[in-house]
Amino acid sequence: AQSVTQLDSHVSVSEGTPVLLRCNYSSSYSPSLFWYVQHPNKGLQLLLKYTSAATLVKGINGFEAEFKKSETSFHLTKPSAHMSDAAEYFCVVSGGAGGTSYGKLTFGQGTILTVHP
Amino acid sequence: ETGVTQTPRHLVMGMTNKKSLKCEQHLGHNAMYWYKQSAKKPLELMFVYNFKEQTENNSVPSRFSPECPNSSHLFLHLHTLQPEDSALYLCASSLTAGREGYEQYFGPGTRLTVT
């Protein structure tokens, strides 16, 4: 079975300061990992994905995430927050080959990011 | 139109009504998905279609009936819904289903309110 835990339900930062959204995962097989963003009344947009290539993954809008197998973490970061980054962020795991969760996406509970002027 | 589109964007229906949600993808994908997003709950996968065949029904009540006439179109037929079915219904597509690393692309969703 696979699971994903987003460690913070809400994160609040000031514009121009760094963003850190934390995600831990559990998967019996080598997973793929994704971060999605959802702005109010919109669908989910893919920010970035990890699929066993480079452990540091760069995404859109200046976001990046680092896959750390030893810590089973895939935290999302951005050096400088912008007002337009205010949204809900979802960490997602997709099970690796050989497992019953192969190819299925499991979503975290979401982290709401608030950006203050 | 590009990406994944969903209609209607908002729907209010009574418990005895019958309505349908429509999803269309313009990405050349072969897999399509229905998800339910309720407040305070993780995104719930409802159905998966791969090359027009249903490959997953995640214990969804029969008052929700999916239909996939081709790889580009997906419908969700609704009848005799309950108030707890009020939610945002999201459609997604991917190149194929059952393969790791194939990201899903989501539509904007249909906000459903059951009165």
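The values are calculated or read from the model by the stated rules, or taken from the named source; none is laboratory data. Just so it is clear, the model here is predicted, and its values are computed rather than measured. Positions of Cβ are backbone-derived with ideal geometry, glycine not excepted, and every protein chain shown enters the neighbour counts.
Residue check: A:VAL92 meets all listed conditions (1) more than 13 Å from the chain's Cα centre (by Cα); (2) within 14 Å of chain B (Cβ to nearest Cβ) but one, namely (1). Residues in the range B:46-71 that are surrounded by 13 or more Cβ atoms within 10 Å (Cβ to Cβ) and in contact with a Lys or Arg (Cβ under 7 Å, 6 or more places away or on another chain): B:MET46, B:CYS68, B:SER71.
Tallying residues that are surrounded by 14 or more Cβ atoms within 10 Å (Cβ to Cβ) and either small (Gly, Ala, Ser) or out of contact with any strand residue (DSSP E or B) (no Cβ under 9 Å at 6 or more places or on another chain) (or both) within the range A:53-64 yields 2. Just checking, does the range A:29-50 include any residue being in contact with an Asp or Glu (Cβ under 7 Å, 6 or more places away or on another chain), farther than 20 Å from B:LEU90 by Cβ, surrounded by 15 or more Cβ atoms within 10 Å (Cβ to Cβ) and of a type in the set (A, V, I, L, M, F, W, C)? No, every residue in the range A:29-50 fails to be in contact with an Asp or Glu (Cβ under 7 Å, 6 or more places away or on another chain), farther than 20 Å from B:LEU90 by Cβ, surrounded by 15 or more Cβ atoms within 10 Å (Cβ to Cβ) and of a type in the set (A, V, I, L, M, F, W, C).
Applying the condition of being of a type in the set (S, T, N, Q) and buried (at least 19 other Cβ atoms within 10 Å of the Cβ) to the range A:1-28 and asking which residue is farthest from B:VAL4 (Cα to Cα) yields A:SER27. Kindly evaluate B:MET13 against the criterion of being touching a residue at least 12 places away in the same chain (Cβ under 8 Å) and either buried (at least 19 other Cβ atoms within 10 Å of the Cβ) or within 14 Å of another protein chain (Cβ to nearest Cβ) (or both). So B:MET13 fails the test. Report whether or not A:SER27 is in contact (Cβ under 8 Å) with a residue 40 or more places away in the chain, within 15 Å of A:VAL4 (Cβ to Cβ) and over 14 Å from the mean Cα position of the chain (by Cα). Judged against the criteria, A:SER27 is a match.
Quick one: which residue in A:VAL57, A:VAL13, A:VAL19 is of a type in the set (A, V, I, L, M) and within 14 Å of chain B (Cβ to nearest Cβ)?
None of the other options fit; the residue is A:VAL57.
Is it true that A:ALA81 is over 29 Å from B:THR5 (Cβ atoms), surrounded by 21 or more Cβ atoms within 10 Å (Cβ to Cβ), more than 14 Å from every other protein chain (Cβ to nearest Cβ) and not polar (S, T, N, Q)? In short, yes.
Here B:LEU81 fulfils each of the conditions (1) among the aliphatic types (A, V, I, L, M); (2) crowded, with 21+ Cβ neighbours inside 10 Å; (3) more than 30 Å from A:SER52 (Cβ to Cβ); (4) at pLDDT 95 or above apart from (4).
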